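The values are calculated or read from the model by the stated rules, or taken from the named source; none is laboratory data. Because the structure is predicted, anything quoted here is derived from the model rather than measured. Please note: Cβ atoms are built from the backbone with ideal geometry, for glycine as well, and neighbour counts cover all protein chains shown. With ligands, DNA and RNA removed, areas are computed over all heavy atoms of the protein, side chains included. Shrake-Rupley method; radii C 1.70, N 1.55, O 1.52, S 1.80 Å.
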Amino acid sequence: MPLRAITYSSEVLPGLPHDRIEALAHDAAEFNLIAGVTGLLVFDGARFLQYFEGPDDGVTAAYSRITASSSHMNLVELGRALIGRRLFPYWSMRMLQADPQQLRNAIGNDWTTFVMRSGSHGGALYGVEALARLAAPHVSPVP
């Protein structure tokens, strides 16, 4: 079954309490578990960067919920692609805090491809590579 991934950035609705943002991430994790979607939500207190992946129908359903949400504004789709394997198979949706500069850098990377290159490539990072590096300290090694 082919897998699809989408990433976008948006701004939090001003005045939205932090506990409501955590509840949204929890609700997304529950929905994604049923839909077969996995991913990561990065938040710096003002902006979101979300990457999610899964079967086409699950990703479509999750994205419909996201675009209809009134908790954020100025949504910009950064990239969308078919992928060969999941980048975050262990998280139905994980929210990570980032500082504004980290998030600005991650959003500003190249999102035209979702390829993960191996080894040293010496050039600028693709968006998914930067996101994987940002998430790496939060990934527990498999015993």
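Pick from Ile6, Ile34: which is at pLDDT 95 or above, surrounded by fewer than 17 Cβ atoms within 10 Å (Cβ to Cβ) and not in a loop (DSSP other than H, G, I, E, B)? Break it down into steps so the answer makes sense when it comes.
Values: Ile6 fails: surrounded by fewer than 17 Cβ atoms within 10 Å (Cβ to Cβ).
So the residue among Ile6, Ile34 that is at pLDDT 95 or above, surrounded by fewer than 17 Cβ atoms within 10 Å (Cβ to Cβ) and not in a loop (DSSP other than H, G, I, E, B) is Ile34.
Just one of Arg4, Arg65, Arg85 is touching a strand residue (DSSP E or B) at 6+ places or on another chain (Cβ under 8 Å) and over 19 Å from Val139 (Cα atoms); which is it? Reasoning before the result, please.
Values: Arg65 fails: touching a strand residue (DSSP E or B) at 6+ places or on another chain (Cβ under 8 Å); Arg85 fails: over 19 Å from Val139 (Cα atoms).
Criteria check complete, one pass: Arg4.
If I ask for residues that are among the aliphatic types (A, V, I, L, M), under 12 Å from the mean Cα position of the chain (by Cα) and within 16 Å of Glu11 (Cα to Cα), which ones from the stretch 59-117 would you list?
Within the stretch 59-117, Ile66, Leu78, Met95, Leu96, Leu103, Ala106, Ile107 qualify.
Regarding Ile21, is this residue open to solvent by less than 80 Å² (accessible area, probe 1.4 Å), at pLDDT below 95, farther than 27 Å from Arg117 by Cα and in a helix (DSSP H, G or I)? Outline the logic, then answer.
Working: open to solvent by less than 80 Å² (accessible area, probe 1.4 Å): yes; at pLDDT below 95: yes; farther than 27 Å from Arg117 by Cα: yes; in a helix (DSSP H, G or I): yes.
Yes: the conditions hold for Ile21.
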